[in-house]
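Colleague: Submitted below is the structure of interest, expressed as C-alpha cells.
The values are calculated or read from the model by the stated rules, or taken from the named source; none is laboratory data. In this text the structure is predicted, and so the values were computed from the model without any measurement. Note: ideal-geometry Cβ built from the backbone for every residue, glycine included; neighbour counts use all protein chains shown.
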Amino acid sequence: MPITIKPMETDEEIQGKAFVHWKCWQETYPGLVSQEYLEKLTPEKCEEMAFRWRDNILVAKEGERVIGFVGFGDHGPEEPDTGEVFALYVLPEYHGTGVGRQLMDAALEKLASYPHICLWLVKGNARALRFYEKCGFHLTGEEVYKQSVSAYGIRMLKER
C-alpha cells in the first residue's frame, strides 16, 4: 500500500500521531533517557500533547493508519535564518522502508525558505544519528543536558 504524507488534520490523525510518539519513545529510549520519564510518558499524555500542538505536523499514513510524523517550524528569534525539525518518528516496523526519508523531505520542503535547518537528538541514539547524517545534517558539537529526561541532547545542522 502506498504511503501518504499530509498535514495532520483529523482527530483520528492526531490520535495516531500520539500513538506513534508514545510507541517510539517506549521502544527507542530505554537506557538513553530516565526510566521515570518513560513511565510518565503515557499514551494519554502523548494524546494530550498532540491535541495541544497541532501546527506544522505532517503525518505519514498507510491507508488510514498513521505510521509516522514530523514536526517542524521556525527555530526562534535567536536564529531567524534557521528552521528546525522538532520531531521525526516512525513506527519501528517501518524503519528502513523510506518513510522517515519521505517525512524529512516533506519537512525540508516546508522549510525551504531557511538557509539553515537544525535538529536535536538524544545523545546515544546511533540509528537516528546515521539517518540524519544521510539526510545531510552534521553534528555541531553543541550539547545540552535535559533535566526532564536525564539525558544530553546533541545538535545537528544542515546548510543549503
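Colleague: Would you point out which residue out of Glu93, Glu109, Glu78 is among the acidic types (Asp, Glu) and over 24 Å from Leu157 (Cα atoms)?
Modeller: Numbers: Glu109 fails: over 24 Å from Leu157 (Cα atoms); Glu78 fails: over 24 Å from Leu157 (Cα atoms).
Going through Glu93, Glu109, Glu78 in turn, the sole match is Glu93.
Colleague: How about the stretch 131-147: which of its residues are over 17 Å from Phe86 (Cα atoms) and either assigned to a helix (DSSP H, G or I) or touching a Phe, Trp or Tyr at 6+ places or on another chain (Cβ under 9 Å) (or both)?
Modeller: Lys134
Colleague: For the stretch 116-145, enumerate the residues that are under 21 Å from Leu41 (Cα atoms) and either among the polar types (S, T, N, Q) or modelled with pLDDT under 95 (or both).
Modeller: Correct list: Asn125 only.
Colleague: Which residues, counting only those in the stretch 69-92, are among the hydrophobic types (A, V, I, L, M, F, W, C) and either over 17 Å from Asp55 (Cβ atoms) or surrounded by fewer than 15 Cβ atoms within 10 Å (Cβ to Cβ) (or both)? Spell out the reasoning first.
Modeller: Restricting attention to the stretch 69-92, the residues satisfying the condition of being among the hydrophobic types (A, V, I, L, M, F, W, C) are 69-70, 72, 85-88, 90-91.
Passing the criteria: Val90, Leu91.
Colleague: Return the pair list, or none, for Cβ contacts closer than 6 Å from residues in the stretch 95-118 that are on the phi < 0 side of the Ramachandran plot to residues that are aliphatic (A, V, I, L, M) and part of a loop (DSSP other than H, G, I, E, B), at least 6 apart or on different chains.
Modeller: Ile117/Leu111
Colleague: Within the stretch 51-64, count every residue that is loosely packed, with under 14 Cβ neighbours inside 10 Å and either assigned to a strand (DSSP E or B) or at positive phi (or both).
Modeller: 1
Colleague: While we're on this one: Considering only residues that are over 23 Å from Tyr145 (Cβ atoms), buried (at least 18 other Cβ atoms within 10 Å of the Cβ) and touching a residue at least 60 places away in the same chain (Cβ under 8 Å), which ones fall in the stretch 15-24?
Modeller: Within the stretch 15-24, Val20 is the sole residue that qualifies.
Colleague: A follow-up question, please. For Gly83, state whether it is in contact (Cβ under 8 Å) with a residue 24 or more places away in the chain and touching a strand residue (DSSP E or B) at 6+ places or on another chain (Cβ under 6 Å).
Modeller: It is true that Gly83 is in contact (Cβ under 8 Å) with a residue 24 or more places away in the chain and touching a strand residue (DSSP E or B) at 6+ places or on another chain (Cβ under 6 Å).
Colleague: Give the residue that is nearest to Arg101 (Cα to Cα), with candidates limited to residues of the stretch 127-160 that are of a type in the set (A, V, I, L, M) and surrounded by 14 or more Cβ atoms within 10 Å (Cβ to Cβ).
Modeller: So in the stretch 127-160, the residues of a type in the set (A, V, I, L, M) come out as 128-129, 139, 144, 149, 151, 154, 156-157.
Going one step further and asking which of them are surrounded by 14 or more Cβ atoms within 10 Å (Cβ to Cβ), we end up with 128-129, 139, 149, 151, 154, 156-157.
Values: Ala128: 12, Leu129: 13, Leu139: 19, Val149: 26, Ala151: 26, Ile154: 20, Met156: 16, Leu157: 16 Å.
Checked the stretch 127-160; the qualifying residue nearest to Arg101 (Cα to Cα) is Ala128.
Colleague: Name the residue, out of Glu39, Glu27, Glu12, Glu48, that is in a helix (DSSP H, G or I), touching a residue at least 40 places away in the same chain (Cβ under 8 Å) and over 15 Å from the mean Cα position of the chain (by Cα).
Modeller: Glu12
Colleague: Out of (1) surrounded by 14 or more Cβ atoms within 10 Å (Cβ to Cβ); (2) over 22 Å from Pro77 (Cβ atoms); (3) more than 13 Å from the chain's Cα centre (by Cα), the odd one out for Tyr114 is which?
Modeller: Failed condition: (2).
Colleague: Which ones in the stretch 68-109 are among the charged types (D, E, K, R), outside any loop (DSSP other than H, G, I, E, B) and more than 15 Å from the chain's Cα centre (by Cα)?
Modeller: Those that are among the charged types (D, E, K, R), outside any loop (DSSP other than H, G, I, E, B) and more than 15 Å from the chain's Cα centre (by Cα): Glu93, Glu109.
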